[in-house]
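The values are calculated or read from the model by the stated rules, or taken from the named source; none is laboratory data. This one's a predicted model, so the numbers in the text were calculated from it and none came from an experiment. Note: ideal-geometry Cβ built from the backbone for every residue, glycine included; neighbour counts use all protein chains shown.
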Amino acid sequence: MSTPPLADGSSVEFLPFTRPDIDEQTIAGVAEVLRSGWITTGPWNTRFEQALSEYFGGRAVRAFNSGTVTMEIALRMMGVGPGDEVITTPLSWVATANVILAVGARPVFVDIDPATRNLDVARIESAITPRTRVLLPVHLAGLPCDLEGLYAIAARHRLQVLEDAAQAIGSTSGGRRVGSFGGFASFSFHPNKNVTSIEGGCLVLPPDADPALAERYRLQGVSRSGPDGMDVDLVGGKANLTDVAARVGWGQLQRLAEFNDRRRELARAYFGCLDRLELAQRGVQLPLREQPGGNWHMFQVVLPERVQRAAVMVALRQRGIGSGVHYPPIHLFSLYRKLGFAAGDFPHAERVGAGILTLPLFPAMRESDVERVAQALSAVLREFGV
Ligand SMILES: *Cc1c(COP(=O)(O)O)cnc(C)c1O
């Protein structure tokens, strides 16, 4: 893809903020699946689930067609419904809160720590009520939130935990892989994530959860026995992963370590360039430099308050650079305002949400791309007086 000629008549390759990297072996593998006569959920789904289970330390894992339905099903498995409250962050993809509404429960937001941009665990306890059932933290940009603190609170108040780890595959906390310990963990394989299955997701189950229940929620509540036995005992959905998608996801999983290593290198390169251009001194908030256990799912800066983010995004695009917004604060969407949330409720999330900008970061990027993005951002900000 290339952009229209720039003002000086030259043209450069357009650099999106993210791009999946599907290798030829995987593409050939997909062709084999397509020729095999079995294209929906089957042997590759099982193989993908087994590989994921191994990856997550032997825990039971089930694959689904999104990293949203995984969370909805986890909440249903925990028995969450009308009258219940779920504590989460206002700074996430809206799916995180939508699934709480989908099961009839109420989201209770807790403001973020502006340094990590994750739910501020120190604020959780004051949000707990007798109706609180679940803590639903998000590991934004793959930086794990304070899980040690969070699980201590969960234990003290007898709350269940669902980690929205959509962005955190390969991240670690206290030396342990996110998803390999604790409560439920949900991962997404959307093309923007560090591993993709085109669309898809998986749910890692804690040892006391029943994988067969997850399977029934996944497919119409159906359970089978013998050659012709079938029963339906709950309202399930249609959330199974196709074998074509599972083949893509399995191929991606083989490269996860390589992908995440490359992301870390590129993040380091970003700091080198942005430091040289003195972006932090000029009022741009860089991501936390040390992200122990993070997988650098995204590299996000927060622009100074006086700069119009939309104008910066347009100016970057004119220079052939894509950028993204992850995310506007959930509580300010009209659906959530109707539930009573309002501007001023979560000032840190609102400030970060208003200025946050995702810069290009994906494994196939070169160091020269990082340099180009940093130079462009610096030049654009100068045009805006920063
Ligand atoms: C991507 C994402 C989801 C949803 O995943 P899908 O696979 O797109 O349904 C949920 N939460 C967060 C934080 C995400 O980034």
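See the values below:
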read-out: Wholly enclosed strands (runs of 3 or more DSSP E) of the range 167-247 bearing at least 1 residues among the hydroxyl-bearing types (Ser, Thr, Tyr) and away from the ligand (no atom under 16 Å from the Cβ); value: 222-225
read-out: Residues satisfying the stated conditions in the range 316-334, i.e. in contact with a Leu (Cβ under 9 Å, 6 or more places away or on another chain) and more than 16 Å from the ligand (Cβ to nearest atom); value: Leu316, Gln318, Arg319, Gly320, Ile321, Gly322, Ser323
read-out: Failed condition for Gln160, given (1) among the polar types (S, T, N, Q); (2) within 16 Å of the ligand (Cβ to nearest atom); (3) farther than 28 Å from Val30 by Cβ; value: (2)
read-out: Criterion: more than 21 Å from the chain's Cα centre (by Cα) and either modelled with pLDDT of 95 or more or within 22 Å of Arg123 (Cβ to Cβ) (or both) - qualifying residue of Ala349, Ala342; value: Ala342
read-out: Enumeration of residues in the range 130-147 that are assigned to a loop (DSSP other than H, G, I, E, B), more than 15 Å from the ligand (Cβ to nearest atom) and within 20 Å of Val99 (Cα to Cα); value: Arg131
read-out: Members of the range 125-142 found to be surrounded by fewer than 24 Cβ atoms within 10 Å (Cβ to Cβ) and over 19 Å from Ala74 (Cβ atoms), listed by number; value: Glu125, Ser126, Ala127, Ile128, Thr129, Pro130
read-out: Sole exception among (1) modelled with pLDDT under 95; (2) within 28 Å of Val380 (Cβ to Cβ) for Pro292, by number; value: (2)
read-out: Test: Ala31 is in contact (Cβ under 8 Å) with a residue 24 or more places away in the chain and either assigned by TED's automatic domain parsing to the domain that holds Ala141 or surrounded by fewer than 16 Cβ atoms within 10 Å (Cβ to Cβ) (or both); value: no
read-out: Spans of helices (runs of 4 or more DSSP H) in the range 292-386 with at least 3 residues in contact (Cβ under 8 Å) with a residue 24 or more places away in the chain and β-branched (Val, Ile, Thr); value: 367-383
read-out: Residue match in the range 250-266 (condition: crowded, with 18+ Cβ neighbours inside 10 Å, touching a Phe, Trp or Tyr at 6+ places or on another chain (Cβ under 6 Å) and either without any contact (Cβ under 8 Å) to a residue 24 or more places away in the chain or among the acidic types (Asp, Glu) (or both)); value: no
read-out: Candidate set from the range 10-44 (those that are among the small types (Gly, Ala, Ser) and more than 27 Å from the chain's Cα centre (by Cα)); member that is farthest from Gly249 (Cα to Cα); value: Ser10
